[in-house]
Amino acid sequence: MLEFLKNIGINDRTILKMINENSEAVIQDLECNSDNAVDIIDYLKELDIKVIDELLVDRIDLFLKTKREIMKLFSKFNIADLVKEINDDYFNIDYIFEEND
Amino acid sequence: MDERIIEILNAEKSKIKEHINTATILDLEKKISELKEILDNPNSLLNFNLEEIKKYLSEFEYANLEYLKQALGLEYFLITHNELERIKSIISNLLAKIKEDYQKEKNEIDKNTQKVQIIDNLLHNIQNVYNSGYLSSDDLKLLVNILNQYMDISEVNKIIGKLCILSINNVEKNNEVDENLKEEIQVAPETNIDINKLSEILMEYGYDINIIAAKNINILRKYGVFDNIRNILNILKENNIVIDLKEYQSQFCMILAHSDSEIVSNIINNIKEDIKNSKKDVLFQDIFINYLEYPSFFIRNTRAYGRRKSKDSWNDNEFEVGAYKNYLENRAFFTNLGLNMISVIKKSGKILLLPNKKILDNKKVFDTYHIPSQIYLSTLSCFNATNPAEAIDQFIELNCFEYLLQNFSRVIFKSDNLVFYRIIIANIRNIPAFMESNGKLKAYGYITSPYNNELGVSALNRSEMVQQYYPKEIQTFDSFINEEEFDNNWMMALNNYFIKKLDENYIYDEFSYDFHGVIISRYKVLRYYEMLIRKSQAGTKEALLYAICKNSILNEDEYNKIKICVERLFNRGVNR
């Protein structure tokens with residue numbers, strides 16, 4: 001399960017946490033979106049977001065989207081400021097959804 | 001099991017056992033009994049070797065006892081009443097000092113014996129991993145701590161990685177077996193439909209099969225039914241829904257293979273109704289895409305769309321989990337609470353996948369702690385919490401309840417989250433933990449950031465950093481609590497004598513007790529004490545201490561303050 005994450009260097013501990021903290025259905029939905037999820041992870045790494053493991057565990061729905069959608073959500077912010085806020089406290093990722101509302 | 005792990009854990013055990021020296025404690029026990037005898041019968045001082053206790057006495061006391069001992073040995077010398085009383089007084093002081101030493105030695109032995117026991121449990125759990133068991137996060141933490149002393153970090157990572165994989169597989173297997181017991185399994189027959197005909201049907205609706213990856217076509221070929229696929233495609237077409245295969249082909253194939261036109265039609269109608277009820281200017285197509293991100297919404301709650309290989313095992317990708325029932329129940333629940341479903345799917349669609357019971361249980365906890373509904377309904381991720389009460393207790397005990405209310409998504413924290421430890425360290429060092437930003441309370445980055453071991457606190461050293469004290473009493477009752485699912489009813493605890501006494505003497509407000517400056521969540525105490533009552537484990541000092549201290553991050557001094565208060569309640573010799 002979630003082999004595609006192992007292939008891009010996400011460690012087993014994070015995967016175990018993801019499985020423990022999320023419903024089986026959402027894990028399955030992530031499997032279904034594996035190609036987009038890999039693109040999103042690459043994009044977050046490009047932005048220098050360092051809390052990807054935490055986001056995978058607690059904000060798994062972020063990775064059910066497409067890279068295009070994520071870029072659109074991020075584009076409404078000053079990206080450098082937002083990245084700093086997210087690295088300081090990964091719950092701040094919720095800003096992108098609040099603004100989207 | 002890796003022989004090296006056994007070897008290392010056994011070496012660690014031997015190292016600890018070396019510190020378990022029972023000779024001193026036996027010697028102290030002997031002295032205590034001899035001194036008690038002298039108290040009862042001062043004449044027995046004659047047979048006592050004063051040299052052995054010299055270090056506990058002042059020069060004056062020692063000389064006094066030596067003189068009296070000699071006097072007792074003289075037939076013609078008559079000991080006065082005052083002299084006897086003096087012997088008793090010196091011996092009684094001596095006894096107190098030796099008892100103190102005895103207690104220190106005993107605590108040390110208990111602590112080390114407990115450590116040995118914990119390592120024994122770890123060994124047992126590791127062996128079990130090879131036989132359908134799994135390691136808890138505490139087991140893994142302890143193992144990392146021990147292994148780090150004996151091997152380099154890359155080797156440790158390799159071992160931990162291997163054990164994690166075994167644990168993951170076993171957790172999955174166990175979950176499957178449990179779920180299988182609860183739900184009727186619907187096995188989807190393999191249909192192996194003709195690819196050319198499939199291609200024609202898809203083309204008829206404007207979808208080019210050549211864009212779809214082989215793994216997705218295989219799902220459709222294996223489990224698809226032509227009539228069903230056509231019906232679903234019709235519904236999509238009637239509603240002007242065109243799915244972008246470049247981005248959502250896996251979800252598209254999953255739905256065509258495992259859903260049906262009734263479910264697709266119901267979800268579409270619900271979305272239309274939600275848009276109508278919403279005051280927001282949104283496009284139906286956009287909202288449908290949000291639902292498409294969760295293909296399990298479109299699958300009925302019965303599990304398994306593959307062939308079962310053996311009675312107890314499913315291989316990966318041999319089954320699909322449906323969440324249609326959860327979606328319907330949760331949609332009804334949130335709509336009844338007046339929530340806008342468009343916001344729900346946009347902000348936190350995954351909560352609609354959760355079992356409705358989990359949502360209801362969490363709401364019950366929030367209501368119990370008087371969390372205003374506008375707070376939890378505007379922070380939907382809070383419904384993902386697995387044990388929200390534990391997090392709320394911790395925020396109360398650290399005097400950060402207001403921060404929690406303004407940042408309610410943090411209710412998903414476990415009670416040992418690093419953030420709690422960093423708040424304590426910040427308080428100790430007189431550094432601010434929180435700031436106000438745009439009228440909202442926020443934590444500083446050094447409190448919340450999960451990397452860089454901010455404030456020197458990491459997952460491995462958090463307890464040491466705050467000198468967390470783990471009293472033995474706390475661990476003894478864990479087994480009774482862990483097997484209990486709590487229903488938020490603590491009536492028996494509320495009517496319990498000791499809880500009433502706690503309320504009379506130490507209540508600070510409805511949410512907390514104040515034990516000489518140590519704040520403890522009152523609802524936590526009620527919850528755990530109620531569970532102990534139900535398990536017939538309540539009524540002792542230790543049980544009450546357990547309920548008070550469970551999960552609290554206390555140092556020894558704070559624990560002792562609480563202990564004194566509890567002992568005071570028990571020493572009153574009351575009738576229950």
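The values are calculated or read from the model by the stated rules, or taken from the named source; none is laboratory data. These numbers were taken from a predicted model, which means no experiment stands behind them. Note that we place each Cβ from the backbone using ideal geometry, even for glycine, and neighbour counts take in every protein chain shown. In case anyone asks, the SASA skips ligands and DNA or RNA and just uses the protein heavy atoms, side chains included. Shrake-Rupley method; radii C 1.70, N 1.55, O 1.52, S 1.80 Å.
Buried accessible surface for the B/A pair, both sides summed and rounded to the nearest 100, is 4000 Å² with a 1.4 Å probe.
Solvent exposure of the protein assembly as shown amounts to 48 Å² per residue of accessible area, where only protein heavy atoms count and the probe is 1.4 Å.
Name all residues of the range B:114-137 having a backbone nitrogen under 14 Å from the label point set 7 Å from the Cα of B:Lys17 along its Cα→Cβ direction, giving them as ranges. So the set is B:114-121.
Between B:Glu100 and B:Leu460, the simple spin-label model (points 7 angstrom out along Cα→Cβ) gives 3.8 nm.
Based on the Kirkwood radius over alpha-carbon pairs, what is the Stokes-Einstein translational diffusion coefficient of chain B at 10 °C with 1.306 mPa s viscosity, in µm²/s? In µm²/s, the coefficient rounds to 53. Distance from the Cα centroid of the range A:25-84 to that of the range B:236-260 is 23 Å (rounded to whole angstrom). What figure, in Å² to the nearest 10, do you get for the accessible area of B:Arg4 with a 1.4 Å probe and non-protein molecules left out? About 100 Å², ignoring ligands and nucleic acids.
Assuming charge only on the beta carbon of Lys and Arg (+1) and of Asp and Glu (-1), the dipole of the range B:348-400 about its Cα centre is about 320 debye to the nearest 20.
Selection among B:Gln468, B:Phe511, B:Ile201 by position relative to the dipole of chain B gives B:Ile201 as farthest towards the positive end (Cβ unit charges, Cα centre). A 1.4 Å probe, protein heavy atoms only, puts the accessible area of B:Ile16 near 20 Å². With 29 Å as the limit on Cα-Cα distance, the pairs of A:Lys50/B:Lys442; A:Lys65/B:Lys414; A:Lys67/B:Lys158; B:Lys97/B:Lys524; B:Lys222/B:Lys276; A:Lys17/B:Lys563 that go past it are A:Lys67/B:Lys158; B:Lys97/B:Lys524; B:Lys222/B:Lys276; A:Lys17/B:Lys563. Residue ranking by accessible heavy-atom surface, 1.4 Å probe, largest first, among B:Val144, B:Val242 comes out as B:Val242, B:Val144.
For B:Glu204, the solvent-accessible surface with a 1.4 Å probe is about 110 Å², rounded to the nearest 10. Taken as Cα centroids, the range B:1-71 and the range B:432-457 sit 50 Å apart, rounded to the nearest whole angstrom.
Averaging over all projection directions, the Cα-based convex hull of the range B:399-450 occupies 3.7 nm² in the image plane. By the Kirkwood approach, averaging reciprocal distances over each pair of separate Cα atoms, the range B:1-75 gets a hydrodynamic radius of 15.7 Å. For the pair B:Thr476 and B:Lys276, the difference between a 0.36 nm per residue extended length and the Cα-Cα distance amounts to 66.4 nm. The simple spin-label model puts a point 7 Å past each Cα toward its Cβ; for B:His516 and B:Asn41 those points are separated by 4.1 nm. Largest to smallest in accessible area, the residues B:Met531, B:Met203, B:Met465 fall in the order B:Met203, B:Met465, B:Met531 (1.4 Å probe, all protein chains included). Burial of accessible area (probe 1.4 Å, heavy atoms of protein chains only) in the range A:12-28, relative to its chain alone, reaches at least 30 Å² for A:Asp12, A:Arg13, A:Leu16, A:Ile19, A:Glu21, A:Ser23, A:Glu24, A:Ala25, A:Gln28.
Ordering B:Ser199, B:Ser409 by accessible surface, largest first, gives B:Ser199, B:Ser409; the 1.4 Å probe counts only protein heavy atoms, with every chain in place. Here is the tail figure for the range B:464-550: Cα pairs spaced more than 16 Å apart come to 51 percent of all pairs. The distance from the alpha carbon centre of the range B:341-405 to that of the range B:94-156 is 35 Å, rounded to a whole number.
Relative to the longest principal axis of the Cα atoms of chain B, the long axis of helix B:195-204 makes an angle of roughly 70 degrees. Charge tally for B:Ile211 (other residues, Cβ to Cβ under 12 Å; Lys, Arg +1; Asp, Glu -1): -2.
For helix B:418-428, what angle does its Cα long axis make with the longest principal axis of chain B, in degrees from 0 to 90 and rounded to 10? For helix B:418-428, the angle is close to 40 degrees. Note: relative contact order over chain B, using C-alpha pairs below 8 Å and six or more positions apart, is 8 percent. Averaged over the residues of peptide A:87-98, the number of Cβ atoms from other protein chains lying within 10 Å of each residue's Cβ is 5.
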